[in-house]
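A.B. asks: Have a look at this one before I ask anything.
The values are calculated or read from the model by the stated rules, or taken from the named source; none is laboratory data. As the structure is a prediction and not an experimental result, all values here were calculated from the model. Counting neighbours? That spans all protein chains shown, and the Cβs are built from the backbone with ideal geometry, glycine included. The protein model used for the area step is the full one, side chains on, heavy atoms only, and it has no ligands, DNA or RNA in it. Shrake-Rupley method; radii C 1.70, N 1.55, O 1.52, S 1.80 Å.
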Amino acid sequence: MKYKSQKVAYWFFALSMLLLILQITYGFIMGFARIGMDGLHDFIPFNTARAVHTNLLVVWLLSGFMGAAYYIIPEEAQQELVNVKLAYIQLISLALVGVTAIIGYHFNWWEGRKFLEIPRQLDFLVVANVLLFLGLILATLFKGKRRTTTALVLSMGLLFAALLYLPGMLPFDSQVTDSFFRWWVVHLWVEGVWELIMGGILSFLLIKLTGVDREVIEKWLYVIVGLTFLSGILGTGHHYYYIGVNKIWLVVGGIFSALEPLAFLAMALFAVNMYRKGEKKHPNTIALFWTIGSAIVSFVGAGLLGFAHTLPQTNLYTHGTLVTAMHGHLAFWGAYAMIVFAIISYSLPNLTGRKLYNSARGRASFWIANIGMIGMTVAFGVAGVAQVYLERKFKMEFMVVQKEISVHFVVLILCATLFTIGIVLYIIDFIKHGRPDNEAIKIIEE
C-alpha cells in the first residue's frame, strides 16, 4: 500500500463479501423452492427471494468496483484521496441504502420493475451516493500527478454507469416505453460500461503482476473500448422485440450481440499474451489465477454462451428461459465477480502487510468455486434446453414443465454447495489477512 487513503478500499471489499454471502443464501432459497422444498415461502416468497438475489448481485459488485477504484485511482494518479472521511460516509450510506432496500422487499416495498425493483425514494439516495463517489474519484484523478489510460478507462466506465442509471428513473405510463429505457440500465451496464470497468481493473492488475510495459498493455484497452461500444450499444436491441418494438431490432440486436464475444475474446487474448510476455513472476499467484481466469471465463460465459442464444433464430425460442440463466450466471461470474476477487487478492497483502497469497486454501478456493460455477452453468443449460423443447416445441404448460425439469435443480444445488465452499474458503483468507495496517506502507517502501 503506497497511500494511506487506499485503506478505505478494504472496507468496501468487506461489504461486498458480506453482500455476496447474502446473495448466495437467497439463491439457495430459490433453488430449494424449485425442487418442491418451499416451506420458506411462508416467510420469504419466491418473488422476494428472486428480487433480493438479483439486486444483491448488482450491489455487491458495485461495492467491489468502488473498492477497486479507491485502491487503483490514488496509485495511478500518485495522489492521496482528496477526502477520506467523505469516502467512509459514502460507504456507510451505500450500506444503509442496500439494507433498507432488502428489508423493504420483504414488505412489498418496491417498484416491481425487473432488475430495478428498488423503490423510487431510494433511487435518489443511490444517485446522491454515486455522485459523491464520482466526485471523490474524479477530483483525486485530476488533482494527481499523472492521468493514465488505465485510470481514465476505469473512471469513464464508472461515470457512464452512473449516467445510464438515470434513464431507469424516468416515469412512463407506457409499459413498452418503460421497458425500452429500463434496458438502457440493465443491458448497457452489464454489456457496455461495466466492460470498461473490467478492462481498467484488468489492465492495472496485468501491469502489476506481469511486469509488461504499461504502454503495451494500455494499447489493448483502446481495442477493448472500441469493441465494447460497437457491440454493446446496438446489441441492446435483441431485447426490444419482446417488449413490442419493431422487429427490425431483433435482427440489429442479434447481429451486434454476435459481435460481443470479440470484446471478451480480445480481453482473454490480451491477458494470456501479457502473462506470457511477463518478465517477472509476481509472487501473488492467487491474484494472477483470478486475473487470467476472469479473462478466460468471461469469454466463455459472456462471449460464447451469449452468442449461442442471442442469434435471432435461436433467441426466439430461448428468450426468457433457463438458457438465459445459464448464460447470465457464468457471464457475471467470469466478467465481473472474478475480476473483483482478483483485485481483492492483489490488494489485501498490500493493505495489511500479510503475504498470504500462495496458500493451499487460496488455490482451493479458486478451483472449487470455478468447478462449482461450471457445474451450475451446465445444470441450467440442460434444464433450459429441456424447457425450450417441452414448452415451445411441444406446447406443454409452464408449471408442468417446471416439475419435469426439477431434477436438474438437485444437481444445481449440489454444484451451488461446491461453489459456496469455494467462496467460504476465499472469505476465510480475507479474514485471515486482518485489517489494514499503516505498517504495510513501510513494508512496500522498503
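A.B. asks: Output the qualifying pairs, or none if there are none: Cβ atoms under 7 angstrom, residues six or more apart or on different chains, first residue in segment 101-114 and free of Cβ contacts under 8 Å to residues at least 40 places away in the same chain, second residue not in a loop (DSSP other than H, G, I, E, B).
C.D. replies: Glu111/Arg120
A.B. asks: Quick one: which residue in Ala383, Ala342 is within 21 Å of Phe12 (Cα to Cα), touching a helix residue (DSSP H, G or I) at 6+ places or on another chain (Cβ under 9 Å) and modelled with pLDDT of 95 or more?
C.D. replies: None of the others qualify; the one that does is Ala342.
A.B. asks: Determine which member of the set Ala9, Ala14 is of a type outside the set (Phe, Trp, Tyr), open to solvent by less than 10 Å² (accessible area, probe 1.4 Å) and in a helix (DSSP H, G or I).
C.D. replies: Sole residue among the options that is of a type outside the set (Phe, Trp, Tyr), open to solvent by less than 10 Å² (accessible area, probe 1.4 Å) and in a helix (DSSP H, G or I): Ala9.
A.B. asks: Let me ask you something else. Out of Leu61, Leu81, Leu22, I need the residue that is open to solvent by less than 50 Å² (accessible area, probe 1.4 Å) and within 26 Å of Asp429 (Cα to Cα). Which one? Give the steps one after another, and end with the answer.
C.D. replies: Values: Leu81 fails: within 26 Å of Asp429 (Cα to Cα); Leu22 fails: open to solvent by less than 50 Å² (accessible area, probe 1.4 Å).
Residue meeting the stated conditions: Leu61.
A.B. asks: In segment 217-237, what residues are hydrophobic (A, V, I, L, M, F, W, C) and in contact (Cβ under 8 Å) with a residue 24 or more places away in the chain?
C.D. replies: The answer is Ile217, Trp220, Leu221, Val223, Ile224, Val225, Leu227, Phe229, Leu230, Ile233.
A.B. asks: Kindly establish whether Lys395 is part of a loop (DSSP other than H, G, I, E, B), open to solvent by 50 Å² or more (accessible area, probe 1.4 Å) and free of Cβ contacts under 8 Å to residues at least 40 places away in the same chain.
C.D. replies: Considered against the rule, which asks whether it is part of a loop (DSSP other than H, G, I, E, B), open to solvent by 50 Å² or more (accessible area, probe 1.4 Å) and free of Cβ contacts under 8 Å to residues at least 40 places away in the same chain, Lys395 comes out as yes.
A.B. asks: Moving to a separate point now. Sort through Arg363, Arg354 and tell me the only one that's charged (D, E, K, R), touching a His at 6+ places or on another chain (Cβ under 7 Å) and farther than 14 Å from Trp333 by Cβ.
C.D. replies: One residue alone meets the criteria, Arg354.
One line per residue, one yes/no per condition, for (1) in a helix (DSSP H, G or I); (2) open to solvent by 30 Å² or more (accessible area, probe 1.4 Å); (3) modelled with pLDDT of 80 or more; (4) more than 28 Å from Gln78 (Cα to Cα):
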| position | (1), (2), (3), (4) |
| --- | --- |
| Met198 | yes, no, yes, no |
| Val212 | no, no, yes, no |
| Ile217 | yes, no, yes, no |
| Gly226 | yes, yes, no, no |
| Phe229 | yes, yes, no, yes |
| Ile233 | yes, yes, no, yes |
| Asn246 | no, yes, yes, yes |
| Gly254 | yes, no, no, yes |
| Leu265 | yes, yes, no, yes |
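A.B. asks: Within segment 200-210, take every residue that is aliphatic (A, V, I, L, M) and open to solvent by less than 10 Å² (accessible area, probe 1.4 Å) and give me the one that is farthest from Leu288 (Cα to Cα).
C.D. replies: If we take residues in segment 200-210 being aliphatic (A, V, I, L, M) and open to solvent by less than 10 Å² (accessible area, probe 1.4 Å), then Ile201 is farthest from Leu288 (Cα to Cα).
A.B. asks: Pairs, please: C-beta under 9 Å, at least 6 apart or cross-chain, first residue farther than 26 Å from Leu234 by Cα and in segment 259-276, second at pLDDT 80 or above and surrounded by fewer than 16 Cβ atoms within 10 Å (Cβ to Cβ)?
C.D. replies: As it stands, the answer is Met274/Val216, since those pairs meet every condition given.
A.B. asks: Need pairs with beta-carbon distance below 6 Å; first residue free of Cβ contacts under 8 Å to residues at least 12 places away in the same chain and within segment 29-45, second in a helix (DSSP H, G or I); sequence gap 6+ or separate chains.
C.D. replies: Leu40/Ile29
A.B. asks: Let me ask something else. If Thr314 satisfies every condition in (1) surrounded by fewer than 19 Cβ atoms within 10 Å (Cβ to Cβ); (2) at pLDDT 85 or above; (3) within 22 Å of the chain's Cα centre (by Cα); (4) β-branched (Val, Ile, Thr) but one, which is the exception?
C.D. replies: So the condition that Thr314 fails would be (3).
A.B. asks: I'm trying to understand the selection: among the residues of segment 107-162, which are open to solvent by 20 Å² or more (accessible area, probe 1.4 Å), polar (S, T, N, Q) and part of a helix (DSSP H, G or I)?
C.D. replies: Answer for segment 107-162, where residues must be open to solvent by 20 Å² or more (accessible area, probe 1.4 Å), polar (S, T, N, Q) and part of a helix (DSSP H, G or I): Gln121, Thr149.
A.B. asks: Let me ask something else about it. Could you say whether any residue in segment 327-346 is over 29 Å from Leu262 (Cα atoms) and either open to solvent by 20 Å² or more (accessible area, probe 1.4 Å) or assigned to a helix (DSSP H, G or I) (or both)? Step through it out loud before you land on a result.
C.D. replies: Looking only at segment 327-346, we keep the residues that are over 29 Å from Leu262 (Cα atoms), and these are none.
No, because not a single residue in segment 327-346 is over 29 Å from Leu262 (Cα atoms) and either open to solvent by 20 Å² or more (accessible area, probe 1.4 Å) or assigned to a helix (DSSP H, G or I) (or both).
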